[in-house]
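Shown next, in structure tokens, is the structure this report addresses.
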Amino acid sequence: MTTSDSFTILIADDDFEDLEFFRFLFSHHPNFEIIRCISNGADIINVINNSPKPPDILLTDEVMPIITGTQAVRHLLSHKMAAEMKVFIISGIENPASKLEFEKHEHINFLKKPRTLVDYNDLPNEILKKMDTENVFRV
């Protein structure tokens, strides 16, 4: 993949401020096209289930109401809806059990939830590295 690659991304986080920051960050990055920003795992399933094509990337918080990010990913896997997308589960706390559960799925990645502005700004670069491309842009 090259630096000109553009990836569609679905973003899910129940923290409104984090969600708005992710929206700002990824909407100003030339390598990402936001499909939607949503606030729970049930909406992840609904959006992907009703889309003609799944997003290239799902960025989801691990702990959310209604259905957690990991529960949504589990559902997508069991219904063969996650095979074509890279999944990034972010969390402020490390959950070894979740990592162990998904370790056989190379397209599912766990990332530490950003805490500082530098961490937030570096998130697209972290994702692009996992997508085998380079970040040429910083907000």
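Just a few scattered comments:
- Burial ordering of K130, K86, fewest other beta-carbon atoms within 10 Å first: K130, K86
- Ranking of T68, T116 by count of other Cβ atoms within 10 Å, fewest first: T116, T68
- Computed E for H28/K112 - FRET, C-beta separation, R0 30 angstrom, nearest 0.05: 0.85
- Shape category assigned to region 1-115 from the gyration tensor of Cα positions, a/c cut at 1.5: rounded
- Highest-MSF residue in the chain out of I44, I57, I67 [GNM, Cα springs under 10 Å]: I67
- Dipole size of region 34-139 about its Cα centre, with +1 on Lys/Arg Cβ and -1 on Asp/Glu Cβ: approximately 120 debye, rounded to the nearest 20.
- Cα-projected label distance for K130 with H79, points at 7 Å along beta-carbon direction, nm: 2.2
No lab work stands behind these numbers, since they all come straight from the coordinates. Note that the structure is predicted; figures quoted are calculated from it, not measured. Glycine gets a Cβ as well: all are built from the backbone with ideal geometry, and neighbour counts include every protein chain shown.
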